[in-house]
């Protein structure tokens, strides 16, 4: 009960601070949920399940995939690649029984590299309640209405990296934001959500395609976060070596904070989405790269500007385990599950690691918070549920669906939606809500 009250107070405080996206509903409309932070207001989500227990429905999928579904009303939307990426699809399912409502596919026959752990169509869709936008990598950016009618499409050119792409589009206001990359062509793009026309584009240096003999590895698979910082909205994104904030309407760089690369090394990789609250931004590099915390506001309440590394960086760790999934901020703490399956609790004001414990096996999934419980799923299909408490790791449940799983959980309308390489599962303890 104490933990639940603490989380409720945190949500109320964020709403008072004007954090973008906290117009709560039962939907899960985008990557990491309504506020792009992994926090759900759902209650009575299942704590335990198995292939035979608390399964409302499951449907077979036509191929493997890493993308997380989104949920809007009575529909579930999921991206799916087939025919070795030559067909890239957005599929709409009925939330109540899992039946397919419609599917829209695009053909792409040109060469685009990826890794066998990252199938094509790894980006999640996003909706604003009127349209669905999806990124299909080199095949382009597409917008559909809720019945699957194409509204516009954008050819953005090749997206080439040896490990593929995965950043999801974000809708805020009248614009769609996309981290296009990684690779030599890398940029943050903003387009009009109604027409697909460019609003602005901010280019990044990027990096080479990647090969066995390449001396350096560079890339960002991070999805941008739009948040209200003080009196203004900012688009915050983690790039190789640096965190940047942009003006949502113009793309002007508002501030930068350096320190995400590991010391004395050429590698600079980042997979995680920034963790943002009115008080702190946490950015975490991947593959033993650095991680840091920074204050988005000055001590006098004024908005930061320019290079804020010296004035606003709270702390920095020069190296960490491989990190692919993103964590969750709860009160004064950050909870994280690293790729090797180790869970951590970190004091965000100081960067002090309060505990590090083995929670599960290798995992790529984001953490999801509901009623003081943290959920994450390992590659072999085990979902571990543990308490959001800073004193120790307390495992509440272990649930195994023995199917390869690289996607994250999506809670909505009293259920958890789990995408494995074989099926889309709807897990719930109650009957379908009317």
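The values are calculated or read from the model by the stated rules, or taken from the named source; none is laboratory data. In this text, all values refer to a predicted model and were calculated from it rather than measured experimentally. Don't worry about glycine lacking a Cβ; one is built from the backbone with ideal geometry, like all the others, and counts go over all protein chains shown.
Residue by residue, here is whether (1) touching a strand residue (DSSP E or B) at 6+ places or on another chain (Cβ under 6 Å); (2) at pLDDT 90 or above holds:
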| residue | (1), (2) |
| --- | --- |
| 211 | no, no |
| 215 | no, no |
| 236 | yes, yes |
| 288 | no, no |
| 293 | yes, yes |
| 304 | yes, no |
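Looking only at the range 121-140, decide whether some residue is in the same structural domain as residue 193 (by TED's automatic domain parsing), more than 22 Å from the chain's Cα centre (by Cα) and outside any loop (DSSP other than H, G, I, E, B).
Pass one, the range 121-140, residues in the same structural domain as residue 193 (by TED's automatic domain parsing): 121-140.
Checking which are more than 22 Å from the chain's Cα centre (by Cα) leaves us with none.
No, the conditions are met nowhere in the range 121-140.
Working carefully through the options 108, 142, 93, find the one that is at negative phi, touching a helix residue (DSSP H, G or I) at 6+ places or on another chain (Cβ under 8 Å) and at pLDDT 95 or above. 108 is the lone residue from the list that is at negative phi, touching a helix residue (DSSP H, G or I) at 6+ places or on another chain (Cβ under 8 Å) and at pLDDT 95 or above.
Of all residues in the range 152-179, those satisfying the criterion of being closer than 28 Å to residue 84 by Cβ and without any contact (Cβ under 8 Å) to a residue 40 or more places away in the chain are 155, 156, 157. Screening the range 19-51 for residues that are modelled with pLDDT under 95 and over 21 Å from the mean Cα position of the chain (by Cα) and picking the one that is surrounded by the fewest Cβ atoms within 10 Å (Cβ to Cβ) gives 43. Those strands (runs of 3 or more DSSP E) of the range 267-369 in which 2 or more residues are out of contact with any helix residue (DSSP H, G or I) (no Cβ under 7 Å at 6 or more places or on another chain) and surrounded by fewer than 19 Cβ atoms within 10 Å (Cβ to Cβ) occupy 313-317, 342-347, 352-358.
How many of the residues in the range 248-266 are touching a residue at least 40 places away in the same chain (Cβ under 8 Å) and part of a loop (DSSP other than H, G, I, E, B)? Give the derivation first.
Start the filter on the range 248-266 by keeping residues that are touching a residue at least 40 places away in the same chain (Cβ under 8 Å), which leaves 248-251, 253-259, 262-263, 266.
Filter once more, keeping what is part of a loop (DSSP other than H, G, I, E, B): 248-251, 259, 262-263, 266.
Number satisfying all stated conditions: 8.
Applying the criterion of being touching a strand residue (DSSP E or B) at 6+ places or on another chain (Cβ under 9 Å) and part of a loop (DSSP other than H, G, I, E, B) to the residues of the range 148-161, the residue that is surrounded by the most Cβ atoms within 10 Å (Cβ to Cβ) is 161.
Regarding the range 32-55, can at least one residue be identified that is free of Cβ contacts under 8 Å to residues at least 60 places away in the same chain, touching a strand residue (DSSP E or B) at 6+ places or on another chain (Cβ under 9 Å) and farther than 19 Å from residue 133 by Cα? The answer is yes; a qualifying residue exists.
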